[in-house]
Amino acid sequence: MMKQTKAPYFFIAPAVILFLIFTAYPIIASLYLSFHQKEDGAYTFAGLSNYTRLLNDSIFWTALSNTFIIFILQVPLMLMLAIILASVLNSQLLKLKALFRVSFFLPAVTSLVAYSLLFSIMMQNNGLFNELLGYIGIDGIPWLSDSVWAKFSIVMAMTWRWVGYNMIIFLAGLQNIPEEMYEAAAIDGAGKIRQFFSITVPSLKPIILFAGILSTIGTLQLFDEPFNLTGGGPGNSTMTLGLYIYENGFEYFDFSYGSAVAYVVVVLVAILSYGQFKFTGDKS
Amino acid sequence: MRQSTTKRFLGKLGMYTLLTIFLIISVFPFYWMLVGSTNPSDKMISSPPTLTFGGQFMENLVNLNNTVGIWRVMFNSLFVAGLYVVIALIVSTAAAYAFAKFQFKGRNTIFIIMILSMMIPYQATIIPLFQMMSAYGLLDTYFALIAPQLCYPFAIFLMRQNFLAFPDSLLESARLDGAHEFKIFTKIVLPSMKPALAATSIFLFMYQWNNFMWPLVAIRTEEMYTFPVALSTLNGVSYTDYGQMMMGISLATIPIIIVFLILQKHFISGMLGSAVK
């Protein structure tokens with residue numbers, strides 16, 4: 001009996017120790033840093049000064065609004081495409097299901113750096129995208145050199161990378177919806193589109209929430225794509241909060257200020273996740 | 001009657017057209033990546049666009065190797081990701097088993113804290129991690145690259161879901177037979193977990209193989225470069241050799257695609273299993 005009460009502690013001990021050192025401690029330490037300032041080599045308490053500095057920092061506000069613009073365009077677009085593809089793939093009649101599923105998922109195994117660089121080549125002014133668009137009579141689009149297009153380019157690239165991943169998550173959810181529900185709806189005269197909105201979407205609600213929160217966390221930390229695809233430019237038009245944390249921490253070595261920006265992201269993730277819980281409006 | 005058959009045919013046609021368009025969008029960049037690795041740099045931004053393989057494969061490989069030492073990069077990436085998967089898998093599997101199959105004080109609290117920590121952006125930990133590694137002289141070591149994410153809460157979550165489905169009665173009868181807890185875990189429980197272990201391994205491998213921001217901060221010298229960091233340095237300020245870059249992207253991407261294609265059944269079913277409930 002004694003053994004039984006001790007065993008679980010041995011099983012979790014390595015995870016807990018690693019968690020305390022490499023996750024819990026850094027989370028608390030960066031909160032501490034954000035309230036301190038380095039003076040003559042030592043950190044002294046600085047109250048809210050790092051946070052008040054944010055208020056007057058125009059690059060911070062640019063980064064915040066860029067992150068939001070990308071978030072608001074990208075997450076709904078990606079989730080919508082993912083739901084549509086998942087429900088088409090879930091159709092009983094479809095052949096080659098496995099081929100489509102694997103192909104759509106393929107972008108999700110590439111590294112964020114690799115696909116960002118690949119897109120950066122395709123999106124050059126005389127790159128592949130513009131050459132192909134030229135065939136259908138569309139003139140060169142300044143994918144990476146215009147401040148509005150650059151944001152859209154990031155949204156496009158991210159959508160390519162993540163749609164399949166989310167599609168798989170939705171497919172899992174769709175498999176739990178009994179086929180009879182669709183049959184009953186069809187007998188009542190509901191078309192495919194009606195069925196999609198009155199059965200598929202409501203049944204997937206908890207999973208949409210799950211995928212939505214995962215994407216929120218991912219998008220608010222956006223770093224690899226702006227770093228490699230646009231370099232934050234042109235100007236600061238694709239500067240994101242993630243990139244700004246990196247710049248402050250590891251280009252200017254202002255750890256305190258970088259930590260303050262990081263905690264803004266922490267608070268935003270908390271608020272937006274809570275908001276999505278409220279919005280979808282139920283438990284689980 | 002005839003009208004409804006036509007309608008169904010059109011519906012099907014629409015469905016396959018949509019899927020085929022998305023299939024091309026998903027797969028074409030990979031093809032073009034391979035095309036790029038066999039062509040000279042200027043062919044990547046040429047008019048008309050280059051859509052077929054060229055004869056520059058070896059040149060690009062040699063140039064890339066001269067620029068970043070690509071075999072060393074390949075070794076670093078494989079070594080770091082491989083060792084990471086082994087240790088992280090042991091750590092998270094053991095913890096997940098305890099969370100799923102034991103009653104003990106603090107179980108729910110610890111589990112919830114770990115799960116909630118997934119919501120804290122990685123970037124909030126990176127500055128103190130850097131200071132920590134720097135204080136102990138551990139920057140630019142394999143240890144620095146591997147250690148920080150060894151406790152990966154998502155892996156614990158994934159494994160726990162699978163352990164929950166394991167029947168308690170089997171554990172109890174083994175205990176009645178006097179089997180040691182550790183033996184029960186390794187000899188009875190783990191052998192039935194192979195698909196879950198495979199899925200979790202791929203997750204961990206992909207995470208480490210693709211990890212960028214932390215290695216970018218923790219690596220100081222070229223000898224320690226992993227793929228993402230090495231690739232990112234190819235993106236020059238004034239001149240970028242696209243042939244080299246495409247070769248690098250291909251070398252970083254092909255291994256993980258092969259692993260994925262071999263294990264995709266486990267992987268997709270592992271994901272399909274984890275997302276629900």
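According to the square roots a ≥ b ≥ c of the eigenvalues of the Cα gyration tensor, what is the shape class of segment B:1-96, taking rounded for a/c under 1.5, prolate for a/b larger than b/c otherwise, and oblate for the remainder? Oblate is the answer for segment B:1-96, as a/c is 1.5 or above yet b/c matches or exceeds a/b.
Here A:LYS6 is the anchor, and the aspartates and glutamates within straight C-alpha reach of less than 20 Å, apart from those fewer than 8 places off in the same chain, are B:ASP168, B:GLU172, B:ASP177, B:GLU181.
How shielded is A:129-138 by partner chains, expressed as the average number of their Cβ atoms within 10 Å of its Cβ atoms? Let's see the in-between values first.
Numbers: counts 1, 3, 7, 3, 0, 3, 2, 0, 0, 0.
For this peptide, the per-residue mean of nearby foreign Cβ atoms is 2.
Shape class for segment A:123-279: oblate, because the ratio a/c of the largest to smallest gyration tensor axis (alpha-carbon atoms, square roots of eigenvalues) is 1.5 or more and b/c is at least a/b. Relative to the dominant Cα principal axis of chain B, helix B:242-275 is inclined by about 30°.
In degrees, nearest 10, range 0 to 90: what is the angle between the Cα axis of helix B:2-37 and the longest Cα principal axis of chain B? Relative to chain B, helix B:2-37 is tipped by roughly 80 degrees.
Counting only residues at least eight positions apart within a chain, or on another chain, the lysines with an alpha carbon under 23 Å from that of A:LYS278 are A:LYS205, B:LYS277.
For the segment A:237-248, counting C-beta atoms of other chains within 10 Å of every residue's C-beta and taking the mean gives 2. With a cut-off of 14 Å between beta carbons, the residues surrounding B:LEU64 carry a summed charge of -2, where Lys and Arg count +1 and Asp and Glu -1. The value given for segment A:1-128 is a Kirkwood hydrodynamic radius of 21.2 Å, derived from the mean inverse Cα-Cα separation. Packing here is the average count of other Cβ atoms within 10 Å per residue, and on that basis the peptides B:244-256, A:56-68, highest first, run B:244-256, A:56-68.
This model, with +1 at the C-beta of Lys and Arg and -1 at the C-beta of Asp and Glu, gives segment A:65-280 a dipole about its Cα centre of some 560 debye.
Excluding B:MET247 itself, what net charge comes from residues whose Cβ is under 10 Å from its Cβ, given Lys and Arg +1 and Asp and Glu -1?
On the way: positive: none; negative: B:GLU59, B:ASP241.
My count for the surroundings of B:MET247 gives -2.
The Rg/Rh ratio of chain B, with both radii computed over alpha carbons and Rh defined as the Kirkwood radius, is 1.07.
Sum -39500 (n - 2.57) across every DSSP H segment of at least 4 residues in the protein assembly as shown, then divide by the residue count to get the 222 nm mean residue ellipticity, nearest 500. Before the final figure, lay out the partial values.
Values: 25 runs with 382 residues, N = 561.
Rounded to the nearest 500, the figure is -22500 deg cm²/dmol.
Mind listing P(r) for chain A? All alpha-carbon pairs, 10 Å bins, whole percents. Whole-percent P(r) values from 0 Å outward: 6, 21, 26, 24, 16, 6, 1, 0.
Neighbours of A:GLY242, meaning other residues whose beta-carbon lies under 11 angstrom from its beta-carbon, give a summed charge of -3 when Lys and Arg score +1 and Asp and Glu score -1. Take each residue in A:76-86, count the other chain C-beta atoms within 10 Å of its C-beta, and the mean is 1. The relative contact order of chain A, computed from alpha carbon pairs under 8 Å that lie at least 6 residues apart in sequence, is 27 percent. Helices meeting the span-like rule in chain A (full DSSP H runs, Cα extent of at least 24 Å along the helix axis, mean Kyte-Doolittle score of -1.0 or higher): A:2-19, A:58-89, A:147-174, A:255-280.
When chain A is treated as a Gaussian network with alpha carbon springs shorter than 10 Å, the biggest mean-square fluctuation among A:TYR182, A:TYR43, A:TYR135 belongs to A:TYR135.
To the nearest 20 Debye, how big is the dipole of the protein assembly as shown about its Cα centre, given +1 on the beta carbon of each Lys and Arg and -1 on that of each Asp and Glu? Present the calculation step by step, with values, prior to reporting the outcome.
Values: 31 positive and 26 negative charges, 431 e Å.
With only Lys, Arg, Asp and Glu charged at Cβ, the dipole is about 2060 debye.
What is the projected area of the convex hull of the Cα atoms of the protein assembly as shown, averaged over all directions, in nm²? Mind dumping the intermediate values first?
Numbers: hull surface 120.4 nm².
Orientation-averaged projected area of the Cα hull: 30.1 nm².
Between the alpha-carbon centres of segment B:107-139 and segment A:95-136 there is a gap of 33 Å. Rg and Dmax of segment B:69-233, both derived from C-alpha coordinates alone, stand at 18.4, 60 Å.
In percent, what relative contact order does segment B:69-233 have, based on Cα pairs under 8 Å that are 6 or more apart in sequence? Could you put the intermediate results ahead of the total?
Working: 137 pairs, mean separation 71.8, N = 165.
It comes to 44 percent, rounded to a whole number.
Taking Cα atoms only, the orientation of helix B:70-101 departs from the longest principal axis of chain B by about 30 degrees.
Throughout, read-outs are computed from the coordinates displayed, never taken from laboratory work. Because the structure is a prediction, the values reported are computed rather than measured. Heads up, the Cβs are rebuilt from the backbone with ideal geometry, glycines too, and the neighbour counts pull from every protein chain shown.
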